[in-house]
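Written out below as structure tokens is the structure these notes cover.
Nothing in this text is a laboratory measurement; each read-out follows from the coordinates by a stated rule. Bear in mind the structure is a predicted one, so any value in this text is a computation, not a measurement. Neighbour counts are summed over all protein chains in view; Cβ atoms, including those assigned to glycine, are modelled from backbone coordinates with ideal geometry.
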Amino acid sequence: MKQPLLPVSAVTSALPGASLQKACKFLVVFCSLHLSVTMLYYLSGADSSIFQYFSINQQQQTPTAIYSTYSTPLTTTIAKELPDCPESSPLLRGPVTVNFNVQVNITEDIKANPHVTEGGHYKPSDCKALQKVAIIIPFRNRDSHLKYWLHYMHPILQKQQLDYGVYIINQDGDNTFNRAKLMNIGYAESLKEYDYDCFVFSDVDIVITNDRNLYRCYNQPRHISAAMDKFGFGLPYAQYFGGVSALSKEHFRKINGFPNKYWGWGGEDDDIYNRIVAKGMSISRPDTVTGKCQMIKHNRDEKNDANPKRFDLISKTRESMEKDGINSLSYKVVKTEKFPLYVKITVDVGIPSR
Ligand code: UD2
Ligand code: MN
């Protein structure tokens, strides 16, 4: 016959003697301790393996879409958010050797800048650039200068960890040149392509010789070419704003962009300076060591003679700036060509009104 199963308490009470009772209690406590330790161990092991299962599965998901059990597609971006680029790029070294007497070759420069994408765009792959910068170059018939600009500037701009694009705004035809209007057009056209927040306006014949001279925007409009070789690495006069400058979208809007009415050489840079001051802003500049730059020596181009009206125009900036600028800009795009290291937008700027 089988023994009936009795509860532990019943067994213990049935056993004779106090020591036996103690031994049994000890056994019960020991067993429950053992049981709970085993349970804990098991659960923690199970937890981590479940966790591992989910994480592996998540990694294997395609980043396009994850579907919930209710057939509603949940588009989840698993692509990593890049960290912001540092305030000061670790790739900068300072002085850069520039020599306009050595031969440069565009095919080699294209190969040397494999991360610049068609149309002359670049952005760092390992961090999020602090600013999106459109570099705007007023242009006509200066290919011999442009190749040096591309050769020296693309490597520097990449080291500066900028998200940038290069826009060559080419004046069509052979009427009088209009530098400031071309720069206004560059502002308008670049914004159609990308949400730029900073605009660097540069002559095609100037390169910086210190990579710490950043092609980006600051709190105040920036005069980048602050120490030109042709002016003995200084300024020809305190208000000088020619060469290379950087204005944020906000700065540019505040001054109604640049004047459209300066035909021929000179004065437009002083008008831009007057606009900045008229709107209560001031000029920021790098120091004279960081601000060093070189200009390719050249003669004055045809159809860019000194503008005889410039002194009269400069004296009236405060009145004219409200109606002449980005709010009165009119032009026609003739052609847009994307090259590996830049985009060239050929435009009809019209002729001077009488
Ligand atoms: C000075 C200023 C420049 C501007 C100009 C007066 C410096 C370093 N620069 O330049 O910023 O204020 O005086 O307008 O002082 N360009 C062409 N094709 C032409 C004519 C001009 O591409 O046929 C472009 C080109 O980008 C050139 C820029 O306009 O670099 C300025 O013209 P410039 O180089 O003939 O005048 P420059 O050196 O006296
Ligand atoms: Mn020049």
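Structure data summary
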item	result
Odd one out for TYR148, checked against (1) farther than 27 Å from ASP348 by Cβ; (2) among the hydroxyl-bearing types (Ser, Thr, Tyr); (3) more than 16 Å from ligand 2 (Cβ to nearest atom); (4) in contact (Cβ under 8 Å) with a residue 60 or more places away in the chain	(3)
Unmet requirement for TYR167, which otherwise passes all of (1) touching an Asp or Glu at 6+ places or on another chain (Cβ under 7 Å); (2) part of a helix (DSSP H, G or I)	(2)
The range 248-262 residues that are at positive phi, paired with ones that are in a loop (DSSP other than H, G, I, E, B) (beta carbon under 8 Å, 6 or more apart)	ASN256/MET321; ASN256/GLU322; ASN256/ASP324; ASN256/GLY325; GLY257/GLY325; GLY257/LEU329
Filtered residues of the range 191-225 (kept if of a type in the set (A, V, I, L, M) and either within 16 Å of ligand 2 (Cβ to nearest atom) or without any contact (Cβ under 8 Å) to a residue 12 or more places away in the chain (or both))	VAL204, ILE206, VAL207, ILE208, ILE224
Scope the range 197-221; condition touching a Phe, Trp or Tyr at 6+ places or on another chain (Cβ under 9 Å) and not in a loop (DSSP other than H, G, I, E, B); matching residues	CYS198, PHE199, VAL200, PHE201, SER202, ILE206, VAL207, ILE208
Tally of residues being part of a helix (DSSP H, G or I) and more than 16 Å from ligand 2 (Cβ to nearest atom) across the range 260-269	0
Total residues in the range 228-247, condition over 22 Å from the mean Cα position of the chain (by Cα), more than 11 Å from ligand 1 (Cβ to nearest atom) and touching a residue at least 24 places away in the same chain (Cβ under 8 Å)	3
Criterion: surrounded by fewer than 23 Cβ atoms within 10 Å (Cβ to Cβ) and either part of a loop (DSSP other than H, G, I, E, B) or touching a Gly at 6+ places or on another chain (Cβ under 9 Å) (or both) - qualifying residue of LEU146, LEU91	LEU91
In the range 282-298, residue surrounded by the fewest Cβ atoms within 10 Å (Cβ to Cβ) [restricted to those that are of a type in the set (D, E, K, R) and within 21 Å of CYS217 (Cβ to Cβ)]	ASP287
